[in-house]
Amino acid sequence: MNTSTDSLHAKRNALITGASRGIGLATAEAFASAGYDLYLTCHTSIDSLRQTAARLQETHRVSCVAIQADMGCQEDVASLFTGIHHLDVLVNNAGMAHLGLLTDMSAQEWHRIMAVNLDACFYTCKAAIPLMLQAHSGRILNVSSVWGCQGASMEVAYSASKGGVNAFTKALAKELAPSNIQVNAVACGVIDTAMNGTLSPEELDALREEIPADRLGTPQEAAALLLQLAQAPAYLTGQVVTMDGGWY
């Protein structure tokens, strides 16, 4: 029988933020099906997330804990990590969008976008890295956007926040590579989620015409890529992997 220290942590676990819907929900389902024990967070939809956690726990025989937390709030993130003592994978997925002219945007709206999309990565990584250093291994995955690479009119704050995530990913990967902790990001194109629900049918049709794949991506496709990155060779780090149907 293998009684090594490694066997004590043979069961892998992952923290997935913003897991109540869209890419986060699909990622929770993908990781649960792969046998990961899960910590799942949401900001407001805790009842729905608890139902999801119960379903995943029953279906896949994994541990699944639902936690309500504002990932843009340092105190909430610190409280979240008091219940996490070992962590293999961190998926920073929680995010929000803002559509409108920069000149019409308030400073409060700007700071909120930055808090949820970018500051949250700092808060979670600062808390997760010591746990991963103890194990001399870990994976940090940040959900970004093609707008972080290209920029989008009417989405300046969102683009800036995701551009920050991309730079954060590359810099932190260099910092943590000697410790066998990999940091990568997925820059998603137009994914069929509620975040894009504000777009009119005409706007969606126009987007489809621009995308060589001739369709929107699915949350399940994004989740599959995140799971692949969580299990990729350790030499893959510091990358912003674009998944956009050939758009950019």
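Here the Gaussian network model covers the chain, with springs between Cα atoms less than 10 Å apart; of Asp104, Asp205, Asp214, Asp104 fluctuates the most.
Placing unit charges on the Cβ atoms only, positive for Lys and Arg and negative for Asp and Glu, gives the stretch 1-123 a dipole magnitude near 380 debye about its Cα centre. Here the relative contact order of the stretch 22-76, from alpha carbon pairs under 8 Å that lie six or more residues apart, stands at 37 percent. A dipole drawn for the chain from +1 and -1 charges on Cβ atoms has a positive end, and of Thr198, Cys64, Cys42 the residue lying farthest that way is Cys64.
Please report the carbon-and-sulfur percent of the accessible area for the chain; probe 1.4 Å, protein heavy atoms only, DNA, RNA and ligands left out. Accessible surface attributable to carbon and sulfur in the chain totals 53 percent. GNM on the chain, alpha-carbon springs under 10 angstrom: the most fluctuating residue among Ala171, Ala14, Ala26 is Ala171. Of all the options Ile191, Ile16, Ile211, the one that moves most in a Gaussian network model of the chain with Cα springs shorter than 10 angstrom is Ile211. Annotation: per residue accessible area for the chain equals 48 Å², rounded to a whole number [probe 1.4 Å, protein chains only]. Taking every full run of DSSP H in the chain, none both stretches at least 24 Å from end to end by Cα along its long axis and averages 1.0 or higher on the Kyte-Doolittle scale. Counting only lysines at least 8 places from Lys170 when in the same chain, those with an alpha carbon closer than 21 Å to its own are Lys126, Lys162.
The values are calculated or read from the model by the stated rules, or taken from the named source; none is laboratory data. Note that the coordinates shown come from a computational prediction; the quantities given were computed from them, not determined experimentally. For neighbour counting, all protein chains shown are included, and Cβ atoms are generated from backbone atoms with ideal geometry for every residue, glycine included. Just the protein is used for accessible areas: all its heavy atoms, side chains included, with ligands, DNA and RNA removed. Shrake-Rupley method; radii C 1.70, N 1.55, O 1.52, S 1.80 Å.
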